[in-house]
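Peer 1: Before I ask anything, here is the structure I am working with.
The values are calculated or read from the model by the stated rules, or taken from the named source; none is laboratory data. Remember, predicted model here, so these are calculated numbers, not experimental data. Cβ: placed from backbone, ideal geometry, glycine included. Neighbour counts: every protein chain shown. Surface areas here come from the heavy atoms of the whole protein model, side chains and all, with no ligands, DNA or RNA. Shrake-Rupley method; radii C 1.70, N 1.55, O 1.52, S 1.80 Å.
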Amino acid sequence: MSDAELARLFLSLAVLLSAGLLGGHLFEALRLPRVIGEICGGLLLGPSVFGRLLPEEAQALFAGFASQPAILAAFYWLGLVLLMFTAGFNIRSRLDPADARLAVSLVVGGLALPGLLGWLMAAGFPAAAGANPLAFSIVIAIGTAVTSLPVISRIFIDLGLMQSRFARVVLSAAMIQDLILWAALSVALTLQQGGTVHPLDLGWKIVLSVGFSAVALLVVPSLLRYVGSRTVRKFTEASLTGYTLLVCLVLVVLAGLLGVNLLFGALLAGVVIGRFTAENFEPVKRRIQVVAIWFFVPIYFVQVGQQIDLPAQFDLSMIVTFLLISSAVKIGSVLLLARYGGASWLRSFDYGMAMNTRGGPGIVLASVALAAGIIPGSMFLTLVAASILTSLVTSMWFRWRMQHDMSLAV
């Protein structure tokens, strides 16, 4: 890579980071979620605005040489992996019995009825030409039921809720739910590629994901304690930071090799590291969180916004129909199951709002389905719009709730 190409790469990263930081600060000043401001920063840099008004300049800035898009994509995935990793620091892998029952209620409420609704609604939405009908139905079902761990984690971090019981229950439920949904997406992709899927394949993928999770949570902490008892006193805080990130990368690689979603490898790595509460580990976790939240994560969310092309993909009636029906059923279903699990009516509604946040995974789902030829551009924007709007409404709701009920933070 030449000096000119390196300079172009660093310029593109500087522009992405600037858009994320400025958009985040602007939305924060307006008492709106930083994450939506970061996505809107990317919206301005993408084909909706900059790429449409100055297409040659946009091409030169973000794809000026052959390998630049791939390098920027690596920063995209690093941001997402680090967001999941740091979110895992505050997730308890062992919930109290009452919290565990409530988390199971949220999983059932977030999956069963919303997934069925999405499956049925698929017949009323346009599939891409050449799409496998079953794959399309699976994608719409996932788009209705998915919960965004990255975005809900970022909202909880921004509002100081990550240490609360409420956050632990929501994130645990979302983690279990999304294990199932990402396994379903892999089945949809196999179908679209012309493969055949045995009815037991989905179950096997779920079992494999659960098994990987169990090994990560039960074996890896003991292994790290064994190694740490013989070496950790020799490490500085800086070197501990490097080895902590190494744990994350190793679990992400193992997840990929086993066919488990990479992001769950990062999340589980964060849960494992979160179990270590020794005094010398707290500064390490804070250091990683600061670098992730203020550098890599904004670059990730800006690139999410760059994928949106509003003029070419906008269909208001489709967006409104999908958003209102899917949100009403998702919130209502979770509310009823949370109430059955012992939560108050208001707290049950809080759980429904949190589980309806679709954010980044909803956008990733849309991007993957579009690239695979399962959904057309209009459906892509519908799923993206639902992801952004549900994230925006959720953040505004919890910001308002925190002003009136501090018990959420307990």
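Peer 1: From the set of residues in the stretch 343-354 that are open to solvent by less than 60 Å² (accessible area, probe 1.4 Å) and not aromatic (F, W, Y), which is farthest from A385 (Cα to Cα)?
Peer 2: It comes out as A343.
Peer 1: Being farther than 29 Å from R358 by Cα and open to solvent by 40 Å² or more (accessible area, probe 1.4 Å) is true for just one of L53, L61. Which residue is that?
Peer 2: L53
Peer 1: Scan the stretch 119-139 and give yes if some residue there is assigned to a helix (DSSP H, G or I), open to solvent by 30 Å² or more (accessible area, probe 1.4 Å), among the small types (G, A, S) and farther than 20 Å from G20 by Cα, otherwise no.
Peer 2: Checked the stretch 119-139: at least one residue is assigned to a helix (DSSP H, G or I), open to solvent by 30 Å² or more (accessible area, probe 1.4 Å), among the small types (G, A, S) and farther than 20 Å from G20 by Cα.
Peer 1: For A87, state whether it is aliphatic (A, V, I, L, M) and under 21 Å from S327 (Cβ atoms).
Peer 2: It is false that A87 is aliphatic (A, V, I, L, M) and under 21 Å from S327 (Cβ atoms).
Peer 1: List every residue pair whose Cβ atoms lie under 7 Å apart, where the two residues are 6 or more positions apart in sequence or sit on different chains, the first residue falls within the stretch 321-335 and is in contact (Cβ under 8 Å) with a residue 60 or more places away in the chain and crowded, with 22+ Cβ neighbours inside 10 Å, and the second residue, located anywhere, is assigned to a helix (DSSP H, G or I) and of a type in the set (D, E).
Peer 2: From the stretch 321-335, no pairs qualify.
Peer 1: Could I ask something else about it? Are any residues in the stretch 362-378 of a type in the set (G, A, S) and assigned to a loop (DSSP other than H, G, I, E, B), and if so, which ones?
Peer 2: Within the stretch 362-378, A372, G373 meet the criteria.
Peer 1: Taking A66, is it part of a helix (DSSP H, G or I), free of Cβ contacts under 8 Å to residues at least 24 places away in the same chain and surrounded by fewer than 22 Cβ atoms within 10 Å (Cβ to Cβ)?
Peer 2: Criteria not met by A66.
Peer 1: Of these, T277, T244, T321, which one is over 24 Å from M162 (Cα atoms) and β-branched (V, I, T)?
Peer 2: T321
Peer 1: Name the single residue that is farthest from F380 (Cα to Cα) among those in the stretch 260-307 being of a type in the set (D, E, K, R) and open to solvent by 20 Å² or more (accessible area, probe 1.4 Å).
Peer 2: E279
Peer 1: Which condition breaks for V197 when tested against (1) open to solvent by 40 Å² or more (accessible area, probe 1.4 Å); (2) modelled with pLDDT of 75 or more?
Peer 2: Looking at each condition in turn, V197 falls short on (2).
Peer 1: Looking only at residues that are more than 15 Å from the chain's Cα centre (by Cα) and surrounded by 15 or more Cβ atoms within 10 Å (Cβ to Cβ) in the stretch 72-90, which one is farthest from T147 (Cα to Cα)?
Peer 2: For the stretch 72-90, the residue satisfying everything is L72.
Peer 1: Does any residue of the stretch 333-351 turn out to be in a helix (DSSP H, G or I) and within 22 Å of G124 (Cβ to Cβ)? Break it down stepwise before answering.
Peer 2: Within the stretch 333-351, the first condition is being in a helix (DSSP H, G or I), and the residues that meet it are 333-340, 345-351.
In the following step, the residues that additionally are within 22 Å of G124 (Cβ to Cβ) were identified as 333.
Yes, the stretch 333-351 contains a residue that is in a helix (DSSP H, G or I) and within 22 Å of G124 (Cβ to Cβ).
Peer 1: Moving on to the next point. Taking only pairs six or more apart or across chains, which ones have beta-carbon atoms under 7 Å, a first residue in the stretch 176-189 that is at negative phi and in contact (Cβ under 8 Å) with a residue 12 or more places away in the chain, and a second residue that is open to solvent by 20 Å² or more (accessible area, probe 1.4 Å) and of a type in the set (G, A, S)?
Peer 2: Close Cβ pairs satisfying both conditions: L189/A372.
Peer 1: Provide a single number: the residues in the stretch 29-54 that are in a helix (DSSP H, G or I), closer than 20 Å to S387 by Cβ and of a type outside the set (G, A, S).
Peer 2: 9
Peer 1: Evaluate the stretch 49-61: report whether one residue or more is under 22 Å from the mean Cα position of the chain (by Cα) and modelled with pLDDT of 90 or more.
Peer 2: No.
Peer 1: For the stretch 392-407, does any single residue satisfy the condition of being open to solvent by less than 30 Å² (accessible area, probe 1.4 Å), within 22 Å of the chain's Cα centre (by Cα) and either under 16 Å from I142 (Cβ atoms) or of a type in the set (D, E, K, R) (or both)?
Peer 2: No - not one qualifying residue is present in the stretch 392-407.
Peer 1: So which residues in the stretch 149-171 are in a helix (DSSP H, G or I) and open to solvent by 10 Å² or more (accessible area, probe 1.4 Å), if there are any at all?
Peer 2: Residues satisfying the conditions are I157, D158, L159, R165, R168.
Peer 1: Still on this structure: Looking at (1) more than 30 Å from W294 (Cβ to Cβ); (2) touching a residue at least 24 places away in the same chain (Cβ under 8 Å), which is the only condition S137 fails?
Peer 2: (2) is the only condition that S137 fails.
Peer 1: Only helices (runs of 4 or more DSSP H) wholly contained in the stretch 201-300 count here; list those with 3 or more residues that are modelled with pLDDT under 80 and closer than 30 Å to G46 by Cα. Don't jump to the end; show me each part of the working.
Peer 2: On the way: elements: 220-231, 237-258, 262-274, 282-291.
Here the list reads 262-274.
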